[in-house]
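Here is the structure we will look at.
Each reported figure results from applying straightforward, stated rules to the coordinates on display, with no laboratory input. Given the structure is predicted, the values throughout are model-derived calculations rather than measurements. Cβ sites come from the backbone with ideal geometry, for glycine too, and all protein chains shown count toward neighbours.
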Amino acid sequence: MEDVTPQEGQRRVQAGALLVDVREQNEYDEVRAHGAQLLPLSEFEARHSELPRDRELVMICRSGARSARAGEFLKAQGYTQVVNLAGGTMAWVNDGLPHTQGQTEQG
């Protein structure tokens with residue numbers, strides 16, 4: 001599983017990749033990277049087929065561990081364009097990239 005920096009992840013999303021947040025709803029509601037689509041790890045195996053196979057997927061969680069597991073699962077299911085965002089949402093926010101806290105957009 002390839003790890004990408006928050007800046008590289010944002011660049012890929014701006015180029016058309018889908019940012020997939022695998023945290024749970026309460027974590028997502030607190031703070032999330034701008035544009036992230038929620039697919040909680042607790043529902044991931046049942047719902048992963050909702051994700052496109054013809055678009056790059058940038059996986060993100062809080063710190064990078066859960067998203068790496070989700071990405072490896074996708075690769076095992078035949079997805080080929082999957083990367084993990086190193087450091088997760090914490091790194092994204094710390095790098096000052098666009099994010100939403102509660103209902104307020106930042107950055």
When restricted to 81, 77, 37, 14, the only residue more than 11 Å from the chain's Cα centre (by Cα) and closer than 22 Å to residue 100 by Cβ is 14
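For segment 41-96, which positions are aromatic (Phe, Trp, Tyr) and closer than 20 Å to residue 107 by Cα?
The first filter runs over segment 41-96 and keeps only residues aromatic (Phe, Trp, Tyr), leaving 44, 73, 79, 92.
Scanning segment 41-96 gives a single hit, 92.
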Cβ pairs under 8 Å, 6+ apart or interchain, first in segment 72-83 and among the polar types (S, T, N, Q), second in a helix (DSSP H, G or I), ordered by first then second residue, are 77/48
If you go through 65, 15, 86, 46, the only one that is among the aliphatic types (A, V, I, L, M) and in contact with a strand residue (DSSP E or B) (Cβ under 6 Å, 6 or more places away or on another chain) is 86
